[in-house]
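Working notes, beginning with the structure itself.
The values are calculated or read from the model by the stated rules, or taken from the named source; none is laboratory data. All values derive from a computational prediction rather than experimental measurement. Cβ atoms come from the backbone with ideal geometry, glycine included; neighbour counts cover every protein chain shown. Surface areas here come from the heavy atoms of the whole protein model, side chains and all, with no ligands, DNA or RNA. Shrake-Rupley method; radii C 1.70, N 1.55, O 1.52, S 1.80 Å.
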Amino acid sequence: LNGHLLEAIGKLGFVNPTPIQAESIPVLLEGKSIVGRARTGSGKTAAFGIPLLNQLAKGGGKVRGLILCPTRELAIQVSDALQSFCHKKSPIKILSIYGGSPYPPQLRALKSGVDIVVGTPGRVIDHMERGSLDVSGVDMFILDEADEMLRMGFIEEVEHIFERMPNGN
């Protein structure tokens, strides 16, 4: 991991990784795909978030990370957690997009450039279809609580988004 990221997560009190983190982080840092399963509170967000932030350390303003969440509450929680893992001067821009929130601030943020989008399937599709969310540069596509998304009936939306990911993601 890069030094700034190590420093930022160290300030949060991270000393030893949880089992899901210890198994996931090295594999994700190699650019491989995984399916992770662990209980609530086990550190899953850090397990995928830390490798994602490490990969995007220099920012760039183009969406390179897309995280789908089944609910707006989880999208906000994940976005906040990722932001807490960033050092204060991090150039990485993170945006939550979800239904029930006005479009103009989301459109402005997307237009000005973000590196990571955390959103619910419906709102992600809305932005893709409007042309405001370009996923052609996505390096990491993450389904957070995929089982819950599928249980809630989002299979068609997830497939629709997945089909638009760049080859190999």
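Values computed for the structure shown
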read-out: Number of the condition not met by Ile92 [criteria: (1) in contact with a strand residue (DSSP E or B) (Cβ under 9 Å, 6 or more places away or on another chain); (2) open to solvent by 30 Å² or more (accessible area, probe 1.4 Å); (3) within 17 Å of Phe48 (Cβ to Cβ)]; value: (2)
read-out: Selected residue [at pLDDT below 95 and crowded, with 17+ Cβ neighbours inside 10 Å] from Lys62, Lys44; value: Lys44
read-out: Scan of the range 88-116 for residues that are without any contact (Cβ under 8 Å) to a residue 40 or more places away in the chain, farther than 19 Å from Leu68 by Cβ and not in a loop (DSSP other than H, G, I, E, B), ordered by number; value: Pro104, Pro105, Leu107, Arg108, Lys111
read-out: Close pairs from the range 1-26: first in contact (Cβ under 8 Å) with a residue 24 or more places away in the chain and part of a helix (DSSP H, G or I), partner among the basic types (Lys, Arg) and open to solvent by 50 Å² or more (accessible area, probe 1.4 Å), Cβ under 7 Å, at least 6 apart; value: Ile20/Lys44
read-out: Of all residues in the range 47-59 being buried (at least 16 other Cβ atoms within 10 Å of the Cβ) and assigned to a loop (DSSP other than H, G, I, E, B), the one that is modelled with the highest pLDDT; value: Leu56
read-out: Test: residue in the range 7-22 that is modelled with pLDDT of 95 or more, over 19 Å from Gly137 (Cα atoms), open to solvent by 10 Å² or more (accessible area, probe 1.4 Å) and among the acidic types (Asp, Glu); value: no
read-out: Test set (1) in contact with a Lys or Arg (Cβ under 9 Å, 6 or more places away or on another chain); (2) small (Gly, Ala, Ser); (3) farther than 27 Å from Thr40 by Cβ - Ala75 fails condition number; value: (3)
read-out: Of all residues making up the range 65-89, the number that are surrounded by fewer than 20 Cβ atoms within 10 Å (Cβ to Cβ) and either in contact with a strand residue (DSSP E or B) (Cβ under 7 Å, 6 or more places away or on another chain) or at pLDDT below 90 (or both); value: 5
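So that you can scan it fast, the table gives a plain yes or no per residue for (1) under 12 Å from the mean Cα position of the chain (by Cα); (2) basic (Lys, Arg); (3) within 19 Å of Val158 (Cβ to Cβ):
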| position | (1), (2), (3) |
| --- | --- |
| Val27 | no, no, no |
| Val35 | no, no, yes |
| Thr40 | no, no, no |
| Ala46 | yes, no, no |
| Leu52 | yes, no, yes |
